[in-house]
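S.K.: Sharing a structure below in structure tokens format, with a few things to ask.
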Amino acid sequence: VQLQASGGGLVQAGGSLMLSCVASGRTFSVYAMGWIRQAPGKEREFVAAISGRGTGTLYADSAKGRFTISRDNAKNAVYLQMNMLKPEDTADYYCAAGEFADFFKRNIGGLDYWGKGTQVTVSS
């Protein structure tokens, strides 16, 4: 599975962005999908995840109420709608595929596939 993320950019605080991640391969719906971010000088941080059929979602506390993860298995795509962005949301955002249990346990190192990051910068 190859993952390609896009949609990052520069936005003012309070603004919105939607990240997209498109996957290659015919087994997309088998995998839970999620978004992980890494700010400069900081460790990778779980943001949100969605189960293979889209029936279950997980959010970091920092994302609850502001971010929404969704997926379209017909398009092999997962999305992250980010609203009310804050400067502390500034980071490289990566989409990843793996077991929903790994996302639930925040076992980022156990995820199977990663895309290249897309940069999100939120100005104050």
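The values are calculated or read from the model by the stated rules, or taken from the named source; none is laboratory data. Keep in mind that this is a model prediction, so the values were computed, not measured. Ideal geometry is used to build each Cβ from the backbone, glycine not excepted, and the neighbour counts take in all protein chains shown. Accessible surface is based on the protein model in full, side chains and every heavy atom, while ligands, DNA and RNA are left aside. Shrake-Rupley method; radii C 1.70, N 1.55, O 1.52, S 1.80 Å.
S.K.: For segment 45-58, which positions are under 17 Å from Gly109 (Cβ atoms) and either of a type in the set (Phe, Trp, Tyr) or surrounded by fewer than 18 Cβ atoms within 10 Å (Cβ to Cβ) (or both)?
M.R.: Glu45, Phe46
S.K.: Tyr31 passes all but one of (1) out of contact with any strand residue (DSSP E or B) (no Cβ under 6 Å at 6 or more places or on another chain); (2) of a type in the set (Ser, Thr, Tyr); (3) crowded, with 18+ Cβ neighbours inside 10 Å; which number fails?
M.R.: (1)
S.K.: Applying the selection to segment 1-28, what residues are open to solvent by less than 70 Å² (accessible area, probe 1.4 Å), among the aliphatic types (A, V, I, L, M) and closer than 25 Å to Ala101 by Cα?
M.R.: Residues of segment 1-28 open to solvent by less than 70 Å² (accessible area, probe 1.4 Å): 1, 3, 5-9, 11, 13-17, 19-21, 23-25, 27-28.
Now restrict to residues that are among the aliphatic types (A, V, I, L, M): 1, 3, 5, 11, 13, 17, 19, 23.
Correct list: Val1, Leu3, Ala5, Leu19, Ala23.
S.K.: Moving on to the next point. Go through (1) in a loop (DSSP other than H, G, I, E, B); (2) free of Cβ contacts under 8 Å to residues at least 40 places away in the same chain one by one and return the number of the condition Gly14 breaks.
M.R.: (2)
S.K.: Taking segment 67-79 only, how many residues are open to solvent by less than 20 Å² (accessible area, probe 1.4 Å) and of a type outside the set (Val, Ile, Thr)?
M.R.: Residues meeting the conditions: 2.
S.K.: If you don't mind, there's one more thing I want to ask. Considering each residue of segment 80-100, count those that are closer than 18 Å to Val1 by Cβ and open to solvent by 50 Å² or more (accessible area, probe 1.4 Å), and give that number.
M.R.: Looking only at that region, the number is 3.
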